[in-house]
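Engineer: Take a look at this one; I'll ask things after.
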Amino acid sequence: AVVNPKTKHVLLVNTPRDYYVKLNGTSGYRDKLTHAGIYGVEKSIKTLEDLLKIDINYYVRVNFNSVVKIVDAIGGVEVNSEYAFTTKIGKYKITKGLNKLNGKKTLAFARERYALPGGDTTRGKNQQAVIDAIIQKVTSTTILTKFDDILASVKGSFQTNMSTEKMVELVRMQITDNAKWTVSSTALNGAGSKERTYSMGKTLLYVMIPYAGNIKQATVLINKVLDGELLDGGSISLAKYN
């Protein structure tokens with residue numbers, strides 16, 4: 001997530017978990033991006049920094065239970081779905097368009113890929129839709145004035161290197177200006193292949209070979225947001241850069 005608090009703009013960049021990349025500080029075979037996590041959060045951060053040629057200031061790490069607790073703590077979210085489908089987990093029915101979801105339904109929505117035409121790619125877009133919905137909810141003064149209570153209720157549900165002081169500073173800024181945020185999203189893509197990986201040696205695994213044009217254009221978009229340029233809200237396709 002690229003956040004510019006001056007322009008009130010957020011760009012969400014989805015990088016496929018199977019992206020075949022060089023893990024930071026390694027030699028030999030490239031590996032799935034998701035395998036960077038085996039070696040810790042810092043390895044994931046440095047690998048993404050290398051891939052997109054950017055600096056990452058902060059991270060937030062959540063698990064399945066975190067999603068449930070955070071969404072319930074803010075009273076649920078309204079998530080926009082591109083498709084109507086039934087989740088494998090919980091058998092929840094999702095309609096095309098806006099869906100009001102509690103924590104468990106949000107988690108099921110964010111995890112689903114088998115019922116979606118684009119599989120993992122569409123799941124990535126749905127996860128971005130969840131983050132967008134959370135941003136829209138938590139930037140309202142109604143929620144922000146309860147920040148201390150909400151933070152206490154989700155304590156221990158996430159890991160971050162952002163200080164509480166920095167969080168409070170951002171909350172105070174939002175309460176003061178009550179600004180509307182614009183959220184844009186984009187997704188990197190690639191071509192499927194079977195390759196050897198750094199973490200699994202000679203065993204062939206499914207990976208996604210990155211489209212170089214996608215990476216280059218995503219970096220352009222990231223720098224535009226950091227430099228204060230406003231992008232269109234909603235999804236930005238990188239298909240022509242494949």
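The values are calculated or read from the model by the stated rules, or taken from the named source; none is laboratory data. Remember, it's a predicted structure, so these values are computed and weren't measured experimentally. Glycine also receives a Cβ, built like all others from the backbone with ideal geometry; neighbour counts cover every protein chain displayed. Each accessible area value is taken on the protein alone, full model and side chains, heavy atoms only, with ligands, DNA and RNA left out. Shrake-Rupley method; radii C 1.70, N 1.55, O 1.52, S 1.80 Å.
Engineer: Can you list the lysines whose alpha carbon is less than 18 Å from that of K105, not counting same-chain residues fewer than 8 positions off?
Structural biologist: Partners within reach: K69, K88, K91, K93, K96, K125, K137.
Engineer: Moving on. Restricting attention to the range 89-151, which chymotrypsin sites (Phe, Trp or Tyr not before Pro) occupy a DSSP loop and are surrounded by at most 12 other Cβ atoms within 10 Å? Don't jump to the answer; show the numbers that get you there.
Structural biologist: Working: sites: Y92, F109, Y114, F147; in loops: Y92, Y114.
Sites meeting the loop and neighbour criteria: Y114.
Engineer: Just the accessible area per residue of the chain, please: how many Å² with a 1.4 Å probe?
Structural biologist: On the way: 13460 Å² over 242 residues.
Normalised by residue count, the accessible surface of the chain is 56 Å².
Engineer: With a cut-off of 8 Å between alpha carbons and a minimum separation of six or more residues, what is the relative contact order of the range 1-145 in percent?
Structural biologist: On the way: 182 pairs, mean separation 23.8, N = 145.
It rounds to 16 percent for the range 1-145.
Engineer: Between S199 and R17, what is 0.36 nm times their sequence separation minus the Cα-Cα distance? Round to one decimal in nm. Let's see the in-between values first.
Structural biologist: Working: separation 182, 0.36 × 182 = 65.52 nm, distance 1.45 nm.
Result for the pair: 64.1 nm of gain on full extension.
Engineer: Mind ranking H9, H35 by accessible surface for me, highest first, 1.4 Å probe? Let's see the in-between values first.
Structural biologist: Numbers: H9 0, H35 35 Å².
From most exposed to least exposed: H35, H9.
Engineer: On full extension of the chain, what length is gained from I209 through S140, given 0.36 nm per residue of separation minus the C-alpha to C-alpha distance? Can you show the working numbers first?
Structural biologist: Values: separation 69, 0.36 × 69 = 24.84 nm, distance 4.01 nm.
Full-extension gain reported as 20.8 nm.
Engineer: From the phi angles alone, apply the Karplus equation (6.51, -1.76, 1.60; θ = phi - 60°) to the range 105-120 and give each ³J(HN,Hα) in whole Hz, x where the residue is Gly or Pro.
Structural biologist: Working through the residues one at a time gives 5, 4, 4, 4, 4, 6, 8, 5, 9, 5, 8, 10, x, x, x, 5 Hz.
Engineer: What is the diffusion coefficient of the range 37-76 in µm²/s, taking the Kirkwood radius over Cα pairs and the Stokes-Einstein relation at 37 °C with a viscosity of 0.692 mPa s? Display every interim value, and only then the final one.
Structural biologist: On the way: Rh = 12.0 Å.
Reported coefficient: 274 µm²/s.
Engineer: Sticking with this one: For a Förster distance of 30 Å, can you work out the FRET efficiency between the beta-carbons of D232 and I175, rounded to the nearest 0.05? If you can, show how the numbers build up before the last one.
Structural biologist: Details: r = 27 Å, r/R0 = 0.91.
Efficiency at R0 = 30 Å is approximately 0.65.
Engineer: A follow-up question, please. Before anything else, pin down the relative contact order of the chain: Cα pairs under 8 Å, at least 6 apart, normalised by residue count, whole percent.
Structural biologist: It comes to 27 percent, rounded to a whole number.
Engineer: Share of the range 152-224's accessible area from carbon and sulfur, percent, 1.4 Å?
Structural biologist: On the way: 2180 of 4090 Å².
Answer for the range 152-224: carbon and sulfur cover 53 percent of the accessible area.
Engineer: A further question follows. Over the chain, what is the percentage of antiparallel beta bridges among all DSSP beta bridges, to the nearest 5?
Structural biologist: Values: 22 of 32 bridges.
For the chain, the DSSP antiparallel bridge percentage is about 70.
Engineer: Another question, if that's okay. Tell me the label only: which of [x] 13.3; [y] 18.5; [z] 14.4 is mean projected area of the Cα convex hull in nm² as calculated from this structure?
Structural biologist: Read-out taken from this structure: [x].
Engineer: Return the carbon/sulfur percentage of the accessible area of the range 4-71, one whole number, probe 1.4 Å, all protein chains in place. Could the numbers behind the result be given before it?
Structural biologist: Values: 1850 of 3590 Å².
For the range 4-71, the apolar C and S fraction of the accessible surface comes to 52 percent.
Engineer: Kindly give the semi-axes, whole Å and largest first, of the ellipsoid equivalent to the range 127-242, taking each as the square root of 5 times a Cα gyration tensor eigenvalue. Spell out each step's value before the answer.
Structural biologist: Working: eigenvalues 247, 91, 30 Å².
With the √(5λ) rule applied to the range 127-242, the semi-axes are 35, 21, 12 Å.
Engineer: Report the dimensions of the range 1-63 along its three principal axes from the alpha-carbon atoms, largest first, rounded to Å.
Structural biologist: 42, 26, 18
Engineer: Tally the DSSP beta bridges in the range 112-242 and give the antiparallel ones as a percent, rounded to 5. Please list the in-between numbers first.
Structural biologist: On the way: 7 of 10 bridges.
Here the antiparallel bridges make up roughly 70 percent for the range 112-242.
Engineer: Between Y29 and K216, how high is the FRET efficiency from 1/(1 + (r/R0)^6) when r is the Cβ-Cβ distance and R₀ = 22 Å? Nearest 0.05. Provide the component values of the computation, followed by the final result.
Structural biologist: Details: r = 23 Å, r/R0 = 1.06.
Once the sixth-power term is evaluated, E becomes 0.40.
Engineer: In addition: Per DSSP H run of at least 4 residues, take -39500 (n - 2.57); add these up for the chain, divide by its residues and hand me the 222 nm value, nearest 500 deg cm²/dmol. Spell out each step's value before the answer.
Structural biologist: On the way: 8 runs with 90 residues, N = 242.
Taking each H run of at least 4 residues, the total per residue is -11500 deg cm²/dmol.
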